[in-house]
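Colleague: Please see the structure below; I have some questions.
The values are calculated or read from the model by the stated rules, or taken from the named source; none is laboratory data. The model shown is predicted, which means the values in this text are computed figures rather than measured ones. Virtual Cβ from ideal backbone geometry, glycine too; neighbours counted across all protein chains shown.
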Amino acid sequence: MEMLTFSHVEKHFGEKKVLQDASFSVPEHTIFGFIGKNGAGKTTAMKLILGLLACDSGEILVNGFPVRYGNTRTNRFIGYLPDVPEFYPYMTPTEYLHFCGEVAGMPAKECKARAKELLRLVGLEKERGRIKGFSRGMKQRLGIAQALFGRPKLLICDEPTSALDPAGRKELLDILAAAKEQSAVLFSTHILSDVEHICDKVAFLHEGRVALHGSLEKIRRLRKSTSMEIEMERPEDAKTLLAAFPYLQQKGRTHLQQEGTGMASGLSMQCGWQKGNAHLLLEDTARLPEILHFLAGQELPIQRMERKEPTLEDLFLEVIAK
Ligand SMILES: Nc1ncnc2c1ncn2[C@@H]1O[C@H](COP(=O)(O)OP(=O)(O)OP(=O)(O)O)[C@@H](O)[C@H]1O
Ligand SMILES: [Mg+2]
């Protein structure tokens, strides 16, 4: 069952086309990564789902029901964490969640139990201080607790990890992974390592269009890498190899940093020939036999040889280069 269906949605602001023929869907119990650089239209898409903006054409269904601009009834299925969540700063997290439950008309006893359960889920159960003293990570975690309060079928989080340090991001991703048990999760990001860690499905949004959409495995399979990384035991042997086969590359090892990589913070590129570097890249593996023949003939020891699998970042860069 699809929790969210976005079909052929168009949205313009004046002359500016922000979303064009955008289609994707989020099945239940799925974590869906909505990827796009700044200005790609991620927040606009979320506001359309929440009925805060009107589509120019196309249709959005939440739990099978159509979204209507204005006070849409489909919001009863949705929990929403905006990119910059706002709270009453003088409240404690427990008071805040009780308040949210009261506003939603939940009986006091149920409200208390739910608040306790959620504060435990987001790791704030021992926090007695007021929200005004909270770090950004704590506020994001409280925001998720609030968004989950009404047991939504669809949890929407707008860049929940962007402002967090690596430890905070890991905690938040763990919370989203736990939330998948009860809700489908749609979260936007430009941090591709976050997507690789927890998402089941992804959509790349580029210039208002869904450029690529599907399961992470399917997207990875789209491009089978043909390049090979060769690491020599001794840097001087890498130089010998390079002199014999000038088509080998000294640079271009692009990879995701383990932590903190994002397009906002700049791509993590390991480029250039560093002194003592024993790494080479062979783009066309059809030429591997002649290299192996040379290595054997010269008795040059290899440290490692590995097919270079395309990362999500490689794929994304390909998509936005088109
Ligand atoms: N209310 C508005 N009026 C006019 N233009 C808008 C409005 N809201 C968004 N836009 C424009 O629509 C485009 C997409 O904006 P949006 O906020 O959806 O991008 P985003 O993918 O969420 O970006 P970011 O990663 O920076 O949050 C931008 O060019 C933005 O300037
Ligand atoms: Mg945004």
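Colleague: Go over the candidates LYS11, LYS37, LYS109, LYS47 one by one and state the one that is within 25 Å of SER162 (Cβ to Cβ), basic (Lys, Arg) and assigned to a helix (DSSP H, G or I).
Modeller: LYS47
Colleague: Could you figure out which of (1) surrounded by 23 or more Cβ atoms within 10 Å (Cβ to Cβ); (2) more than 14 Å from ligand 2 (Cβ to nearest atom) isn't true of GLY36?
Modeller: (2)
Colleague: Hey, HIS8 hits all of (1) under 24 Å from the mean Cα position of the chain (by Cα); (2) within 12 Å of ligand 1 (Cβ to nearest atom); (3) farther than 29 Å from ILE175 by Cα but one; which does it fall short on?
Modeller: Only one criterion in (1) under 24 Å from the mean Cα position of the chain (by Cα); (2) within 12 Å of ligand 1 (Cβ to nearest atom); (3) farther than 29 Å from ILE175 by Cα is unmet by HIS8, namely (2).
Colleague: Which residue is farthest from the chain's Cα centre (by Cα), if the candidates are limited to segment 16-69 and must be among the hydroxyl-bearing types (Ser, Thr, Tyr) and within 12 Å of ligand 1 (Cβ to nearest atom)?
Modeller: In the first step, residues of segment 16-69 are kept if they are among the hydroxyl-bearing types (Ser, Thr, Tyr); the result is 23, 25, 30, 43-44, 57, 69.
Of the ones still in play, those that are also within 12 Å of ligand 1 (Cβ to nearest atom) are 43-44.
Working: THR43: 14, THR44: 17 Å.
Out of the qualifying residues, it is THR44.
Colleague: If GLU159 meets every condition in (1) of a type in the set (Asp, Glu); (2) at negative phi; (3) surrounded by 19 or more Cβ atoms within 10 Å (Cβ to Cβ) apart from one, which number is that one?
Modeller: (2) is the only condition that GLU159 fails.
Colleague: Scan (1) modelled with pLDDT under 95; (2) more than 16 Å from ligand 2 (Cβ to nearest atom) for the single condition ILE31 breaks and write down its number.
Modeller: With respect to (1) modelled with pLDDT under 95; (2) more than 16 Å from ligand 2 (Cβ to nearest atom), ILE31 is out only on (1).
Colleague: What residue, of ALA167, ALA145, ALA163, ALA177, is among the aliphatic types (A, V, I, L, M) and out of contact with any helix residue (DSSP H, G or I) (no Cβ under 7 Å at 6 or more places or on another chain)? Give the steps one after another, and end with the answer.
Modeller: Details: ALA145 fails: out of contact with any helix residue (DSSP H, G or I) (no Cβ under 7 Å at 6 or more places or on another chain); ALA163 fails: out of contact with any helix residue (DSSP H, G or I) (no Cβ under 7 Å at 6 or more places or on another chain); ALA177 fails: out of contact with any helix residue (DSSP H, G or I) (no Cβ under 7 Å at 6 or more places or on another chain).
Among ALA167, ALA145, ALA163, ALA177, only ALA167 is among the aliphatic types (A, V, I, L, M) and out of contact with any helix residue (DSSP H, G or I) (no Cβ under 7 Å at 6 or more places or on another chain).
Colleague: Here's something else I'd like to know. Scanning for something within 16 Å of ligand 2 (Cβ to nearest atom), surrounded by 22 or more Cβ atoms within 10 Å (Cβ to Cβ), modelled with pLDDT of 95 or more and assigned by TED's automatic domain parsing to the domain that holds PRO152, does segment 48-58 turn up at least one residue?
Modeller: Residues of segment 48-58 within 16 Å of ligand 2 (Cβ to nearest atom): 48-50, 52-53.
Those left that are additionally surrounded by 22 or more Cβ atoms within 10 Å (Cβ to Cβ): 48-49.
Add one more test, that the residue is modelled with pLDDT of 95 or more, and what stays is 48-49.
Restricting the remaining residues to those that are assigned by TED's automatic domain parsing to the domain that holds PRO152 gives 48-49.
Scanning segment 48-58 turns up at least one residue that is within 16 Å of ligand 2 (Cβ to nearest atom), surrounded by 22 or more Cβ atoms within 10 Å (Cβ to Cβ), modelled with pLDDT of 95 or more and assigned by TED's automatic domain parsing to the domain that holds PRO152.
Colleague: Looking at GLU207, GLU171, GLU159, which is the one that is more than 16 Å from ligand 2 (Cβ to nearest atom), assigned by TED's automatic domain parsing to the domain that holds ILE78 and either out of contact with any Cys (no Cβ under 9 Å at 6 or more places or on another chain) or hydrophobic (A, V, I, L, M, F, W, C) (or both)? Explain how you work it out, then say what you get.
Modeller: Working: GLU207 fails: more than 16 Å from ligand 2 (Cβ to nearest atom); GLU159 fails: more than 16 Å from ligand 2 (Cβ to nearest atom).
Going through GLU207, GLU171, GLU159 in turn, the sole match is GLU171.
Colleague: Considering each residue of segment 180-191, count those that are surrounded by fewer than 24 Cβ atoms within 10 Å (Cβ to Cβ) and more than 16 Å from ligand 2 (Cβ to nearest atom), and give that number.
Modeller: 3
Colleague: Quick test of your reading of the structure: PHE87 fulfils all but one of (1) hydrophobic (A, V, I, L, M, F, W, C); (2) within 16 Å of ligand 1 (Cβ to nearest atom); (3) under 30 Å from GLY133 (Cβ atoms). Name the failing condition by number.
Modeller: Result: PHE87 passes all but (2).
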